[in-house]
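Coordinate-derived values only; no laboratory data. The structure displayed is predicted, hence computed values, not measured ones. Quick reminder, even Gly has a Cβ in these numbers, built from the backbone with ideal geometry, and neighbours come from all protein chains shown.
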Protein chains: 2
Amino acid sequence: RIGGVKPNGAAVRPRSLVVVRAEAQAINPEIRKNEEKVVDSVLVAELSKPLTAYCRCWRSGTFPLCDGSHVKHNKATGDNVGPLLLKKQKE
Amino acid sequence: RIGGVKPNGAAVRPRSLVVVRAEAQAINPEIRKNEEKVVDSVLVAELSKPLTAYCRCWRSGTFPLCDGSHVKHNKATGDNVGPLLLKKQKE
Ligand code: FES
Ligand code: FES
């Protein structure tokens, strides 16, 4: 146990003990923070390319598209996030 | 300034000062953590419903689909994230 015990047997918490609790964190640091909720729509009939990657890491400079920024985020944090791929055809 | 000043004018940092630095955080707490990178593919030709919502908050119980869990995440953290909507037709 950290700390000591008083003569009467009660635990003593040392004065220097500081408890830091991790709080639930926002995952979007800066994309469209003026919007109450960032929702994007894709009309799939209008997709022009065979494959389009959409960002799920909230770090892309071309959001809602993926620009590869998830790689840097994953390296920095140990995370494992990646994009959603929209495909027009089976490959 | 927090702390005091020594007779010679040097700053004294109080012993109890603890600096806590926020570190870059993972945004995916538990989805498919055995995968190096979580990437999902959607064959848009096979979408059955007029509208399908895909999760971007990494809190959905039906990931990669959205189950509305972003609402709880946003309330708990002050965040503003939401899904990507795939639409078959203009509405
Ligand atoms: S840049 Fe965000 S998932 Fe690729
Ligand atoms: S549950 Fe994740 S965006 Fe809706």
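Yes or no, residue by residue, for (1) aliphatic (A, V, I, L, M); (2) more than 13 Å from ligand 1 (Cβ to nearest atom); (3) within 9 Å of another protein chain (Cβ to nearest Cβ):
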position	(1), (2), (3)
A:42	yes, yes, yes
A:48	no, yes, no
A:53	yes, no, yes
A:60	no, no, no
A:71	yes, no, yes
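Checking residue B:84 against (1) within 21 Å of residue A:51 (Cα to Cα); (2) more than 13 Å from ligand 2 (Cβ to nearest atom); (3) free of Cβ contacts under 8 Å to residues at least 40 places away in the same chain; (4) at the interface with chain A (Cβ under 8 Å from one of its Cβ atoms), only one condition comes out false. Which one?
The one condition residue B:84 does not meet is (2).
I'd like to verify a number: residues in the stretch B:33-67 that are within 16 Å of ligand 2 (Cβ to nearest atom) and over 20 Å from residue A:82 (Cα atoms), how many?
Residues meeting the conditions: 2.
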